[in-house]
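Here's the structure we're looking at; comments come further down.
The values are calculated or read from the model by the stated rules, or taken from the named source; none is laboratory data. Since this is a predicted model, take the numbers as computed values, not measurements. Every residue, glycine among them, receives a Cβ derived from its backbone with ideal geometry; neighbour counts consider all protein chains shown.
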């Protein structure tokens with residue numbers, strides 16, 4: 001973990017030849033390392049580490065979905081239903097909705113359960129564009145209210161559209177919203193079996209005993225254990241005929257602590273991985289969230305800014321070690337604080353009207369405050385211009401982090417002294433972080449394969465495939481598990 005490196009020997013655990021080689025590389029090369037980039041003159045052991053890691057990661061290039069899902073028909077979304085979506089969300093919803101609709105036709109169901117529905121973007125596209133009956137489940141009542149209000153507005157557009165077309169007699173229905181924190185597959189099964197939750201589910205249960213209600217579970221970036229709960233519910237609930245799951249937030253996964261741990265955890269779930277007695281730990285689960293594609297498409301300025309934020313976070317570990325050891329022992333998470341620092345830095349630059357240089361090398365110059373990454377706005381590098389007070393920015397970062405951690409106030413923290421001590425090692429952050437991030441896709445692959453194996457272990461009754469369905473440069477977390485009962 002990078003913050004720990006600042007507390008001891010900053011090269012601890014990393015081959016010194018690797019670090020000496022990479023410390024002189026331009027940031028463009030450093031940022032490409034997690035994607036498998038190497039140079040001929042790098043040490044052979046370093047090249048082997050990078051190429052081997054890259055070979056072990058699941059391929060992320062977007063699959064040819066029209067070939068793999070022959071009955072898939074993708075609908076181009078109009079501006080009414082995509083209102084409020086950014087480029088990334090629009091791409092994800094457009095593709096996933098088409099995949100879900102295709103799988104629903106395969107298993108002959110018209111009812112979709114959208115878990116972790118958020119503001120209901122996917123639910124509404126499935127309902128209005130694909131004419132599916134949808135139940136949108138989310139833990140946030142605020143999201144539920146937004147989803148319902150948004151759906152009512154969109155319904156007016158589709159009602160008018162239907163009246164003008166030959167489909168004037170078709171009813172336009174909005175997704176049913178349910179606020180519920182799904183903590184287990186049993187809880188979700190109970191919800192799905194509740195007759196007054198959704199009219200479509202009610203009609204399913206009113207059928208004769210020879211008929212079986214068909215449901216499809218889906219979730220776009222269902223957080224932590226929720227993705228695993230979906231898979232368990234798919235297997236345990238006879239009404240659920242298919243599941244289309246795209247997970248995320250592996251850092252929030254629960255994990256078995258020992259072989260005697262009988263709790264239903266998020267990792268491992270397959271008997272195959274359980275038999276290895278492998279334990280990831282929080283640091284590795286955090287690392288599984290790292291995306292090589294996001295780093296690969298990031299421009300130089302954005303990469304430098306991210307490295308500098310990591311330097312601040314690493315130096316803040318020294319603050320915790322010296323002033324808040326009890327907080328440090330709890331493995332604290334301070335969250336993302338880049339936006340606040342960017343705003344403060346931009347105000348400083350406007351007041352001085354100076355171009356900025358990078359913190360780690362006079363060779364790398366940044367003069368652009370509007371950085372783009374894969375079409376999306378990103379934070380800008382904080383720079384090394386003499387008019388940008390890094391120590392002040394570090395102090396601001398630390399105070400913000402202390403507020404988030406709810407630490408007791410200490411009035412004599414020597415922020416300047418700590419930053420002076422840490423700054424000489426800041427140039428090591430880029431190489432160290434990139435080497436660490438190289439393992440991220442491998443760890444994510446392990447988590448995904450554990451889920452795939454979990455479904456495959458059910459035998460011939462389940463047909464399952466794992467596909468990268470999104471463009472990874474737009475949506476790096478792009479692997480979907482698609483399973484059907486046969």
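Working only within region 372-399, note down all residues that are crowded, with 17+ Cβ neighbours inside 10 Å and at pLDDT 90 or above. Outline the logic, then answer.
To start, the set of residues in region 372-399 that are crowded, with 17+ Cβ neighbours inside 10 Å comprises 373-374, 378-385, 388, 390, 393-398.
393, 394, 395, 396, 397, 398, listed by residue number.
At pLDDT 85 or above, in a helix (DSSP H, G or I), more than 20 Å from residue 469 (Cβ to Cβ) and assigned by TED's automatic domain parsing to the domain that holds residue 213: does that describe residue 101? Show your work before the answer.
Numbers: at pLDDT 85 or above: yes; in a helix (DSSP H, G or I): yes; more than 20 Å from residue 469 (Cβ to Cβ): no; assigned by TED's automatic domain parsing to the domain that holds residue 213: yes.
So residue 101 does not fit the description; no.
Among the helices (runs of 4 or more DSSP H) contained in region 108-222, which hold 3 or more residues that are surrounded by 19 or more Cβ atoms within 10 Å (Cβ to Cβ), at negative phi and modelled with pLDDT of 90 or more? Let's see the steps before the verdict.
On the way: elements: 121-128, 141-164, 185-192, 199-205.
It comes to 121-128.
Matching residues to (1) in contact (Cβ under 8 Å) with a residue 24 or more places away in the chain; (2) touching a helix residue (DSSP H, G or I) at 6+ places or on another chain (Cβ under 6 Å); (3) under 30 Å from residue 187 (Cα atoms):
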site	(1), (2), (3)
90	no, no, no
95	yes, no, yes
107	yes, no, yes
112	yes, yes, yes
118	yes, yes, yes
130	yes, yes, yes
164	no, no, no
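Restricting attention to region 425-432, does a residue exist that is more than 30 Å from residue 54 (Cα to Cα) and in a helix (DSSP H, G or I)?
Here is the first cut: in region 425-432, the ones more than 30 Å from residue 54 (Cα to Cα) are none.
Among the residues of region 425-432, not one is more than 30 Å from residue 54 (Cα to Cα) and in a helix (DSSP H, G or I), which makes the answer no.
Exactly one condition in (1) assigned by TED's automatic domain parsing to the domain that holds residue 414; (2) out of contact with any strand residue (DSSP E or B) (no Cβ under 7 Å at 6 or more places or on another chain); (3) at pLDDT 75 or above is not met by residue 341; state its number.
Result: residue 341 fails condition (3) only.
Can you go through 476, 441 and tell me which one is part of a loop (DSSP other than H, G, I, E, B), surrounded by 21 or more Cβ atoms within 10 Å (Cβ to Cβ), touching a helix residue (DSSP H, G or I) at 6+ places or on another chain (Cβ under 8 Å) and touching a residue at least 40 places away in the same chain (Cβ under 8 Å)? Spell out how you get there, then give the answer.
Values: 441 fails: part of a loop (DSSP other than H, G, I, E, B).
Exactly one residue qualifies, and that residue is 476.
Considering only region 1-28, state which residues are part of a loop (DSSP other than H, G, I, E, B) and modelled with pLDDT under 85. Steps first, please.
Restricting attention to region 1-28, the residues satisfying the condition of being part of a loop (DSSP other than H, G, I, E, B) are 1, 8-15, 23-26.
Within region 1-28, 1, 8, 9, 10, 11, 12, 13, 14 qualify.
Looking at region 60-71, which of its residues are surrounded by 18 or more Cβ atoms within 10 Å (Cβ to Cβ) and free of Cβ contacts under 8 Å to residues at least 60 places away in the same chain?
Across region 60-71, the qualifying residue is only 69.
Residue 31 is checked against (1) more than 20 Å from the chain's Cα centre (by Cα); (2) in a helix (DSSP H, G or I); (3) at pLDDT below 95 and fails just one. What number does that condition carry?
(1)
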